[in-house]
1. Could you work out the mean count of beta carbons from other protein chains within 10 Å of each residue's beta carbon in A:135-148?
2. Let me know the shape class of the range A:149-211, please: from the alpha-carbon gyration tensor, a ≥ b ≥ c as square roots of the eigenvalues, rounded when a/c is under 1.5, otherwise prolate if a/b is greater than b/c, or oblate.
3. With a point put 7 Å past each Cα toward its Cβ, work out how far residue B:261 is from residue B:73 in nm, to one decimal.
4. Would you kindly state how much longer the chain becomes between residue A:13 and residue A:171 on full extension, computed as 0.36 nm times their sequence separation minus their alpha carbon distance, in nm to one decimal?
5. Sequence gap at least 6, Cα distance under 8 Å: using those rules, report the relative contact order of the range B:83-189 to the nearest whole percent.
6. So what's the angle, to the nearest 10 degrees on a 0 to 90 scale, between helix A:287-296 and the longest Cα principal axis of chain A?
7. Calculated FRET efficiency, residue A:112 and residue A:297, Cβ-Cβ r, R0 45 Å, to nearest 0.05?
8. Which of rounded, prolate or oblate describes the range B:43-299 when judged by the alpha-carbon gyration tensor and an a/c cut-off of 1.5?
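Each value in this text was obtained by applying a stated rule to the coordinates, not by laboratory testing. Note that the structure is a prediction, hence the values are computed from the model and not measured. Methodologically, a virtual Cβ is constructed for each residue, glycine included, from the backbone with ideal geometry; neighbour enumeration extends over all protein chains shown.
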């Protein structure tokens, strides 16, 4: 097991340096003069121009710039935002819980509903329910989620008035950010009704963000389940008189879960990309919205290291999924 | 005696149908795929003949008819079949002209990633010692970022616009072609026919492009279809974020970005562009499923 983890970790290192190379070149590949682009004006005063180059370290040879960049990263220095003058790392930490809360809610929604729908569809193969699940999941898979979000807002918020249009909590409430998770913070605070308000704010974004993972998980569960139900050990379990529920959930689903888990892990990257869109639609104050706004404001340090942080996050999650997969499936662990 | 004559009378071509015909028979059995194909033909027709099909100029502003509802609703005008947007432009005409952009972005980005992708994959497969792993590491880096985020990063460098959208999407879909091609090539390289071609003195380029590549095409065709649909989706997402094609160009995603402000008053401005995107992407995905089943039965249960 140890060599397995070590080998996977070894594979991460070149990927990490590749990503730093990408984010490093990001700021240097901007067509035109980077200082002019960042200041948003032409013909900057030459002295200020030289100062800005100096400050950004852009006046040194490229390899030295890259080494400096890596050195800064190693010291945990991710630069500061041009707009707010706050450190990028600090901004990321304040905004990340919002994205995490949204993503977890979306995964919970997609996971429970997707597993359930997939298992039932597999058991009733060829039925109307099966065709319905497959059809809906194909539509979900093709869904432009930014439009789906607008549609849900139009229906539930504007027409029915059930849920708020945007944000994480009503402005009436003054919630102290203890953990950064609105659901927990509202419970900790003594404001009445704040928790329910936070839940109402969370529902639509979570559904929107969870739609594509839901489609993928339902499809994957169904096909994995169909595969497993054909296995000999399921027949044996049935023959020795186990109850159908036990056969389905203990013998069937447990083995079908292995491929589903992998897909679950692969969805994390897609989830973060979806978060960019979902947060923009719902004005959800997370890292996706932060990134898009920074691009709009030409806040390059934030764009550069924000992308680096998100990429590291995706790599990390995929690594953890890899390890879990190795734990669940010895065949993977021992393969060379 | 009778059976013998019957066999003699059978036309040999019916016994061994041409690959194209066999493919079509498989494809046509899948009703969803055929429906998808028909819808795509409609979109392609609209795109090709947009100026003649569309009732109005997509950028002409009818100032007296701002936010007119679709014709079947109260207050609708027959000349604006699907209603008008906030500047009085005919929605149907804009959607029809938008199909040109979406198809063009899809086609251009698929070609721009397919060709270098196949080449890199072939090189990676034929040189498994050093160049292959090096290429794959670079592709791993690109895969580490979610596709939309990588596209956003590229657009952040290059600036928004049609050409840059195409470039960003092409770069994003490159790794999957490289991986697929390389995997297929490595599977084929040990086959006897490749050895035979080598012994017969085939050069490297002949081996790559004439001997091996045609046998790796099935998964690539399927992938090209699927990445065509995700190209349309990503382009629309970029447009929606304000990073893609810029208004007033009638791109589907860009149209949605400006429609957000009218969510309370004009549902048609919000729903119709998105519905068009959904249906097009769905149609292509259905077609892709049909293609996969027909071309590559091994992949049938893969997601």
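1. Per residue, the average neighbour count from other chains is 6.
2. Values: a/c = 2.90, a/b = 1.81, b/c = 1.60.
Taking the square roots of the gyration eigenvalues as a ≥ b ≥ c, the range A:149-211 is prolate.
3. 1.9 nm
4. Between residue A:13 and residue A:171, full extension yields 52.4 nm more.
5. Reported relative contact order: 38 percent.
6. For helix A:287-296, the angle is close to 40 degrees.
7. That pair, residue A:112 with residue A:297, gives E of 0.70.
8. Prolate is the answer for the range B:43-299, as a/c is 1.5 or above and a/b outweighs b/c.
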